[in-house]
Amino acid sequence: MPVVTAAVARTAFPRGNPYLTLRDELGPLFTDAQFAPLFARRGQPAEAPWRLALVTVLQYAEDLSDRVAADAVRGRIDWKYLLGLELTDAGFDASVLSEFRTRLVAGGAEEQLLATLLTVCREKQVLKRHARQRTDSTHVLGAVRALNRLECVGATLPPAACRAAPNALAVAAPDWLRSHSDPAWVERYARTVDDYRLPAGEAALQAYAEQIGRDGHALLAAVAAPGAPTWLRELPAVETLRRVWVQNFAAEHTGRSGRTPGGSTVVWRTTAEGFPPSLLYVASPHDADVHFAKKRTTEWIGYKVHLTEVCEDDQPHLITHVETTPAPVVDRDVVSRIHAALRADDLLPAEHLVDAGYVDADQLLASTRDYGVALVGPAPKDQQWQAKAREGFATGDFALDWDRQVATCPAGHASTSWTVDHNQGREVVHIRFSVTDCQPCPLKARCTRGARRVLTPRRRDAYAALVAARARETTADFRALYHRRAGIEGTISQGVRAMHPRQARYIGLAKTHLQHVLTAAALNLVRLGAWLGGAPLARTRQSAYARLMAAAA
């Protein structure tokens with residue numbers, strides 16, 4: 001630490017400053033050796049990577065652009081103290097920050113920013129092992145405009161589109177494209193496709209879409225022809241064109257449109273031809289990683305981010321893991337990934353608090369068996385009408401003999417068949433009772449509305465874990481423990497208001513994940529500064545009316 005910088009900083013902040021406290025308590029945080037593989041051994045000298053890493057986290061903590069962050073390095077005393085710079089240090093050009101982020105993504109080193117900060121916290125005993133943690137997710141809007149199907153195909157093919165296949169080919173193989181392009185394309189696609197420029201009427205729209213389809217098929221056929229350079233097929237823009245055409249057009253289907261130069265027909269897909277699932281559907285040619293998703297009343301095109309944080313009273317609520325996924329990926333499918341990542345960093349919690357979207361029988365079982373983590377959350381309910389009405393006999397009212405593979409109903413009748421099946425990748429047991437037993441049974445009205453009762457429990461160990469979880473939910477200890485999970489919503493709110501993680505800043509899943517890692521590291525830095533400075537955790541705010549009525553009660 002330069003002596004003059006320290007003296008000026010102490011004079012400027014006599015009552016202390018979070019950044020000064022962080023430097024005094026935790027040191028410089030990062031080292032150059034961590035990021036050395038990202039830089040070439042020869043060439044122009046680079047700025048100190050550890051400082052670039054810290055500046056990148058700081059600019060997210062204060063929601064600054066690259067230019068403003070570079071100015072802060074030159075002009076702010078608290079930043080110079082945290083970075084260990086002389087007061088006369090001129091800083092660096094703002095473009096260095098963008099280049100550093102590119103190096104992080106290209107080298108797969110984005111996780112180091114958060115992992116290093118957590119390692120320092122563990123060494124300083126600020127973060128303890130097996131601390132209770134909680135997880136929640138939120139939607140992330142992609143950095144592209146949502147397009148309807150016709151706009152998507154129109155933005156993929158026409159030369160006016162900024163990431164269209166012809167534009168990529170025009171740069172990579174201009175002579176080849178000139179000889180394989182239809183001159184009419186320039187006039188036909190002179191303008192971008194927008195709703196207010198589309199033909200009027202359903203028939204005209206379909207004809208226009210299939211004209212685009214024929215042109216795209218012609219280009220794809222030329223790329224795939226034996227005489228075409230093979231490397232053309234490997235261009236990302238050409239692969240995007242192929243995917244968009246497969247999902248929006250059907251070929252070799254007669255009676256609905258004209259033929260392509262190769263002789264096959266091009267059909268604008270409808271529900272009759274079917275569409276690929278959302279996880280495979282390209283929602284925009286400008287970012288092939290964004291997908292459509294819907295969660296309750298929220299619909300969006302983009303991604304989803306899962307944040308996991310510590311929730312102990314005697315520790316700062318630090319974020320320990322960030323998982324960025326495509327939007328359609330359901331919450332329960334990331335539980336194992338989160339636990340595997342936490343185990344790799346030796347940060348597995350004893351108890352993991354989550355909402356209902358993360359819990360199912362398989363996850364309850366795998367969390368305990370594979371990771372030694374108690375997954376705490378509302379277990380899936382029995383969705384059969386007997387359980388919902390609470391007037392009939394649910395699966396739990398039947399005696400299941402797993403060794404003999406026989407179930408006994410409340411009336412004393414034994415099942416006649418016990419078979420194992422797989423439904424959407426899950427092992428399910430189908431237990432059937434005899435029609436001759438069910439039809440005359442006096443309890444039939446409370447048991448089944450069909451000819452006979454059929455049970456579909458999960459496999460033995462998964463079913464046992466589900467039953468135990470449902471029983472635990474009825475206890476007062478569970479309610480007191482699960483009350484802590486709500487705090488993760490405050491973390492998401494803090495991030496959304498200060499750092500905007502719900503809006504992707506970059507194109508692609510990898511860069512968006514870097515954004516979320518930086519957001520988590522910035523939140524941790526802010527919380528560490530407050531914790532080390534002695535600032536108490538804020539309590540939940542209440543309106544004046546709520547406080548008045550609570551006092552009266």
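The values are calculated or read from the model by the stated rules, or taken from the named source; none is laboratory data. Just so it is clear, the model here is predicted, and its values are computed rather than measured. As a convention, Cβ positions derive from the backbone with ideal geometry for all residues, glycine included, and neighbour counts pool all protein chains shown. Accessible surface is based on the protein model in full, side chains and every heavy atom, while ligands, DNA and RNA are left aside. Shrake-Rupley method; radii C 1.70, N 1.55, O 1.52, S 1.80 Å.
Using r as the Cβ-Cβ distance of V186 and K294, and R0 as 30 Å, what FRET efficiency do you calculate, to the nearest 0.05? Don't skip to the end; give the middle numbers.
On the way: r = 39 Å, r/R0 = 1.30.
Calculated value: 0.15.
Per-atom-type breakdown for the chain gives carbon and sulfur 53% of the accessible area (1.4 Å probe, protein chains only). Packing here is the average count of other Cβ atoms within 10 Å per residue, and on that basis the peptides 273-280, 102-109, highest first, run 102-109, 273-280.
The lysine pair count for the chain, using Cα distances under 27 Å and pairs eight or more places apart or on different chains, is 13. Computed from phi, the 3J(HN,Hα) profile of the range 377-382 under the Karplus parametrisation 6.51, -1.76, 1.60 (θ = phi - 60°) reads x, x, 6, x, 8, 6 Hz, with x in place of Gly and Pro. In the full protein context, the range 105-161 carries 38 Å² of accessible surface per residue, based on a 1.4 Å probe and ignoring ligands, DNA and RNA. With every protein chain in place and a 1.4 angstrom probe, the accessible-area ranking of V526, V359, largest first, reads V526, V359.
Per-residue counts of other Cβ atoms within 10 Å, averaged by peptide: what ranking do you get for 16-23, 290-297, highest first?
Numbers: 16-23: 19.8, 290-297: 15.8.
Descending mean neighbour count gives 16-23, 290-297.
If you plug the beta carbon distance of S95 and T419 into 1/(1 + (r/R0)^6) with R0 = 51 Å, you get a FRET efficiency near 0.20. Taken about its Cα centre, the range 1-68 carries a charge dipole of roughly 220 debye when the Cβ of each Lys and Arg holds +1 and the Cβ of each Asp and Glu holds -1. Taking label points 7 Å from Cα along the Cα-to-Cβ direction, V246 and R76 give a separation of 4.8 nm. Inter-label distance, D370 to D24: 4.6 nm, where each label sits 7 Å from its Cα along the C-beta direction. How many angstrom lie between the C-alpha centres of the range 4-76 and the range 359-435? Measuring centre to centre over Cα atoms gives 56 Å. Given axes a ≥ b ≥ c from the Cα gyration tensor, I'd like to know whether the range 350-451 is rounded (a/c under 1.5), prolate (a/b larger than b/c) or oblate. Prolate is the answer for the range 350-451, as a/c is 1.5 or above and a/b outweighs b/c.
Tell me, what is the FRET efficiency for Q34 and D345 to the nearest 0.05, using R0 = 25 angstrom and their Cβ-Cβ distance as r? It would help to have the intermediate numbers written out before the result.
Numbers: r = 15 Å, r/R0 = 0.60.
Calculated transfer efficiency: 0.95.
The distance between label points at A544 and R505 comes to 3.9 nm (points 7 Å beyond Cα on the Cα→Cβ vector). Heavy atoms of the protein chains alone define the surface here; on that basis the range 223-370 has 43 Å² accessible area per residue at 1.4 Å probe size. Here the chain is assigned +1 on the Cβ of each Lys and Arg and -1 on the Cβ of each Asp and Glu. Its dipole about the Cα centre then comes out at about 1100 debye.
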